[in-house]
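Trainee: Structure provided below as structure tokens; questions to follow.
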Amino acid sequence: MANVKQALGTAATMTKTLASLANGSGRAATAIDNGTNLHVSADVRVKIKTGASGVSSTGYVAVYLLRSEDGTNYDDGFGGTDAVYTPVNAILLGYINAVANATTYNKVFDLAELGITLPAKWSIGLLNQTGAALSSTEGDHEIKYREKYLTVA
């Protein structure tokens, strides 16, 4: 008798520019093409580092999933490339509490746990609400993902 099991794709890093992202500003990473592999879900890890000063004790970064069912038209008018982003109707995955100066924060978002399946193309958008600009060093920030699919063994 065959069993259906979860399988994991190779971990990869999204292309994005988050260095010095101003408070109140959003940015989205270059979209991932899921049209060939047809992965069902993904784990997405977001790492950010707050700026050296001015971070609010109630600060956070909001994380959004931007989708395109046809590979061209995305949520919120996103164009598919690393660019400025303003959240409107995209799916809010959750928040990263970021409440201290010069501190690195990591959070993993399990899209399957959230009941989300991946479309033809997708991306991650961030909205900085920390009270200050993020760290000016691009290497302090990262969006990594590992897509998931089902296999019969």
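The values are calculated or read from the model by the stated rules, or taken from the named source; none is laboratory data. A quick note: this is a predicted structure, and the numbers were derived from the prediction, not measured. Here the Cβ positions follow ideal geometry from the backbone for every residue, glycine too, while neighbour counts run over all protein chains shown. What goes into the accessible areas is simple: the full protein's heavy atoms, side chains included, and nothing from ligands, DNA or RNA. Shrake-Rupley method; radii C 1.70, N 1.55, O 1.52, S 1.80 Å.
Trainee: Just to be sure I understand the filter: pairs with C-beta atoms under 7 Å, separated by 6 or more residues or on different chains, first member in segment 128-153 and closer than 28 Å to I116 by Cα and among the aliphatic types (A, V, I, L, M), second member open to solvent by 40 Å² or more (accessible area, probe 1.4 Å) and not in a strand (DSSP E or B). Which pairs pass?
Mentor: Going by the 7 Å Cβ cut-off, the qualifying pairs are L150/V40; V152/A2; A153/A2; A153/N3.
Trainee: Going by the structure shown, is A11 over 17 Å from G94 (Cβ atoms), surrounded by 21 or more Cβ atoms within 10 Å (Cβ to Cβ) and touching a Phe, Trp or Tyr at 6+ places or on another chain (Cβ under 8 Å)?
Mentor: No: the conditions fail for A11.
Trainee: Ok, one more. I want to confirm something. Restricting to segment 113-153 and keeping residues that are modelled with pLDDT under 95 and of a type in the set (A, V, I, L, M, F, W, C), which single residue is least open to solvent (accessible area, probe 1.4 Å)?
Mentor: Among those that are modelled with pLDDT under 95 and of a type in the set (A, V, I, L, M, F, W, C), it is A153.
Trainee: Given K5, K107, which one is exposed (fewer than 12 other Cβ atoms within 10 Å of the Cβ), of a type outside the set (S, T, Y) and part of a strand (DSSP E or B)?
Mentor: Only one candidate passes the filter, namely K5.
Trainee: List the residue pairs whose Cβ atoms are under 6 Å apart, where the first residue sits in segment 92-105 and is more than 21 Å from S20 (Cβ to Cβ), the second is open to solvent by 40 Å² or more (accessible area, probe 1.4 Å) and part of a loop (DSSP other than H, G, I, E, B), and the two are 6 or more positions apart or on different chains.
Mentor: Sorted first by the residue in segment 92-105, then by its partner, the list stays empty.
Trainee: Give me the residue from segment 14-24 that is over 14 Å from the mean Cα position of the chain (by Cα) and not aliphatic (A, V, I, L, M) and, out of that set, surrounded by the fewest Cβ atoms within 10 Å (Cβ to Cβ).
Mentor: G24
Trainee: From the set of residues in segment 88-102 that are open to solvent by 60 Å² or more (accessible area, probe 1.4 Å) and not in a loop (DSSP other than H, G, I, E, B), which is nearest to L134 (Cα to Cα)?
Mentor: N97
Trainee: D140: under 16 Å from the mean Cα position of the chain (by Cα) and farther than 19 Å from R27 by Cβ, yes or no?
Mentor: no
Trainee: Scan segment 55-66 and give yes if some residue there is assigned to a loop (DSSP other than H, G, I, E, B) and closer than 22 Å to S41 by Cα, otherwise no.
Mentor: no
Trainee: Scan segment 34-56 residue by residue and report those that are of a type in the set (A, V, I, L, M, F, W, C) and out of contact with any strand residue (DSSP E or B) (no Cβ under 6 Å at 6 or more places or on another chain).
Mentor: L38, A52, V55
Trainee: Got a sec? Which of Y85, Y64 is closer than 10 Å to G125 by Cα, buried (at least 16 other Cβ atoms within 10 Å of the Cβ) and touching a Lys or Arg at 6+ places or on another chain (Cβ under 6 Å)?
Mentor: Every option except Y85 fails the conditions.
Trainee: A further question on this structure: Can you name every residue in segment 126-153 that is under 13 Å from V63 (Cβ atoms) and hydrophobic (A, V, I, L, M, F, W, C)?
Mentor: Across segment 126-153, the qualifying residues are L126, L127, I143.
Trainee: So which residues in segment 25-56 are closer than 30 Å to K5 by Cβ, open to solvent by 50 Å² or more (accessible area, probe 1.4 Å) and either modelled with pLDDT of 95 or more or β-branched (V, I, T) (or both)?
Mentor: Listed by number, the residues that qualify are D33, T36, V40, R45.
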